[in-house]
Amino acid sequence: SHPLLCPPGIKCGGILSAPSGNFSSPNFPGLYPYETECTWLIVVAEGSSVLLSFSHFELEYHDTCAYDYLQVYNGAAQDRGNLLGTFCGHSPPPPFSSAWHVMAVVFRSDRHVAKHGFAAAYRKGSREVWWSLSIRPSVLLHCPHHPCLLADACGGQLTGLSGEITSPRYPESYPNDAECRWSIGGAGGGGPLTLVFADFQMEGGQGCGFDYVALFDGPTVTAPGLGRYCGSARPPRTVSSTPHLLIIFKSDFNIGGRGFKAHFYSAGECQEVFTTIKGNFSSPQYPSFYPNNLKCQWSIQLPLGYRVKVFFLDMELEGRSSLTGGCDYDHLSAFDGGTENGSLLGRWCGRESLAPVTSRSNRLLLVLHTDRNTAKRGFSISYVGVVPMNVSCTRTDFHIQIPVQSLAQLERNRIYLGTPSCAAQVVGRNFKIHTRFDTCGTESQRRNNTSVIVSTLYIDFSVGDQEDIHQYEVQCEPKKKEASVTLIAGPDPSRLRQAENLVDAQKWEGEAIDVHEIKSQDTSDIVFISICILAGLLMVIAVVGLVLL
């Protein structure tokens, strides 16, 4: 057999459960075999982290590491959302500290070009800092006879969309005379950064001159300061104005505390506010796997009177808990009113085909939570503002009313039924359309063995060359005098599976409309009733005449 083909009995991968240890590519320091795939799962005591470093690294080089490569995972290797990095070539990976007590390392070689491989060492450590860190060399223990191991690592360059940082040894007391710097951002993300402290306990003092955390609105200390904090009060939520945020932790020679734990996320990817009548958004990195440990918020804020209708175009999150049957892990929640204190409209997970959701007010908040493992494709969502309107009908006429304030930016000729010649009129505080069934593009159809009158209401939001026309199908069942309106073109209709019934005249929840004026115009019913009465009288007279004869 070829000397570089992996022999059947070669040791490759496995579970490493000792508090510390070493491992290397097959045949190291010789050339590793072709067509090999090895996975090492490092498991230490719960409550600890895994500290990993590389003393030697030499793999076949490719600019995207498409041939031979090594991957490091913050947890199980099957979960792409935990991937910390993929490495090849001659530059060793940086040291890593896991977020919990499991770390996976995967090595793969193809059928061409072999190198000497790698040697790595790990040990159990307290949970200090995690995410794809580039630790400063000064935090390494330089050992002449053993691979380098991490000391109380802290600080580094954090380039993920989100992550978590903690003071050294958290939640145990942090060491004295420590100084750590975390530089967040700088990996292509262009949005502001948000930092939220989940726990905070440090030595206090006027002016925070002893132990403190300092925040800067940029990559260096020359950037504007965003705050300096100490004591036991949690710092407020901080949002940078640039794509960079610098965090400095410093302790003096005595008196410590539990330290801190904080989460960060990119506001551009993970925190957005929408005020347009329609829009689209998706989970970070969609359709690739979303990152772990996220809390993302999308707030939709429309003019008063509107409601927000959300369409789920695609969704795949981590599935339900096998123990509780609930969405206990990764999940997407919708809240009415724009805050998490509002009414919960739904909470979803897994891979489902979801019906649209409509708010009861002009604001809706969507919140995505992901945990520390198992990532999926995420979601894609469209939304549209439901224009508040009241649609009613008689046996011969349509009556449509829309509050002027909900379409204040539009001229009346932008709102029409069937054809532009049937434009709305402004009457008081409402746009009104009153038309007979034999005009304005109406037509008679038979649906579900019932005769209905159908037309199309157009609301033209176009600006310049950007066409944006919402279309609602207006329908009347004359025998019952029941009307309804259905959105047939709004948030990219080609992507919506079907038109959804948005407004029912009997359940309309918008601004009160002067229905008395509509009813006063219903002369067709009066004529119909009068004819019936007259016919009845004539029939009675005829019967009486016959009896007398």
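The values are calculated or read from the model by the stated rules, or taken from the named source; none is laboratory data. Everything numeric in this text was worked out from a predicted model, so none of it was measured. All Cβ positions, even for glycine, are placed from backbone atoms using ideal geometry, and neighbour counts span all protein chains on display. Surface areas here come from the heavy atoms of the whole protein model, side chains and all, with no ligands, DNA or RNA. Shrake-Rupley method; radii C 1.70, N 1.55, O 1.52, S 1.80 Å.
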(1) farther than 24 Å from Ala99 by Cα; (2) in contact (Cβ under 8 Å) with a residue 40 or more places away in the chain; (3) among the polar types (S, T, N, Q) all hold for Gln297 apart from (1)
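Going residue by residue through segment 59-67, is there one that turns out to be in the same structural domain as Pro92 (by the TED database), in a loop (DSSP other than H, G, I, E, B) and over 36 Å from the mean Cα position of the chain (by Cα)?
Scanning segment 59-67, I find at least one residue that is in the same structural domain as Pro92 (by the TED database), in a loop (DSSP other than H, G, I, E, B) and over 36 Å from the mean Cα position of the chain (by Cα), so the answer is yes.
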Is it the case that some residue within segment 20-30 is in a strand (DSSP E or B), modelled with pLDDT under 90 and either among the hydrophobic types (A, V, I, L, M, F, W, C) or under 20 Å from Ala375 (Cβ atoms) (or both)? no
Across segment 54-81, what is the total count of residues that are open to solvent by 10 Å² or more (accessible area, probe 1.4 Å), among the charged types (D, E, K, R) and at pLDDT 90 or above? 2
Against the conditions (1) surrounded by fewer than 16 Cβ atoms within 10 Å (Cβ to Cβ); (2) assigned to a loop (DSSP other than H, G, I, E, B), where does Ala198 fall short? Just the number, please. (2)
For Leu51, are the conditions met, namely being modelled with pLDDT of 90 or more, open to solvent by less than 10 Å² (accessible area, probe 1.4 Å) and either in the same structural domain as Val102 (by the TED database) or among the acidic types (Asp, Glu) (or both)? no
Restricting to segment 257-272, count the residues that are at pLDDT 85 or above and open to solvent by 40 Å² or more (accessible area, probe 1.4 Å). 2
Filter result (at pLDDT 85 or above, open to solvent by less than 40 Å² (accessible area, probe 1.4 Å) and closer than 23 Å to Pro388 by Cα) within segment 286-305: Trp298, Ser299, Ile300, Leu302
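Based on this model, can you work out whether Leu344 counts as among the aliphatic types (A, V, I, L, M) and free of Cβ contacts under 8 Å to residues at least 24 places away in the same chain?
yes
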Just give me the residues in segment 338-356 being open to solvent by less than 40 Å² (accessible area, probe 1.4 Å) and either basic (Lys, Arg) or assigned to a loop (DSSP other than H, G, I, E, B) (or both), in sequence order. Gly338, Gly342, Cys349, Gly350, Leu354, Pro356
Output the residues belonging to segment 306-324 that are outside any strand (DSSP E or B) and surrounded by 22 or more Cβ atoms within 10 Å (Cβ to Cβ). Tyr306, Leu317, Glu318
Selected residue (criterion: most open to solvent (accessible area, probe 1.4 Å)) from residues of segment 223-256 that are of a type in the set (S, T, N, Q) and within 17 Å of Trp182 (Cβ to Cβ): Thr242
Count, please, the residues in segment 376-425 that happen to be farther than 22 Å from Ser484 by Cα and part of a strand (DSSP E or B). 5
The residue that is nearest to Leu59 (Cα to Cα), considering only those in segment 102-125 that are β-branched (Val, Ile, Thr) and in contact (Cβ under 8 Å) with a residue 60 or more places away in the chain, is Val106
Matching residues in segment 82-99 - criterion: being surrounded by fewer than 18 Cβ atoms within 10 Å (Cβ to Cβ) and touching a Gly at 6+ places or on another chain (Cβ under 8 Å): none
Do we find a residue being within 27 Å of the chain's Cα centre (by Cα), closer than 30 Å to Ser451 by Cβ and polar (S, T, N, Q) anywhere in segment 355-372? yes
Considering only segment 456-472, how many residues are surrounded by fewer than 13 Cβ atoms within 10 Å (Cβ to Cβ) and outside any strand (DSSP E or B)? 4
What is the residue count in segment 249-301 for residues that are part of a strand (DSSP E or B) and either closer than 14 Å to Thr370 by Cβ or of a type outside the set (Val, Ile, Thr) (or both)? 24
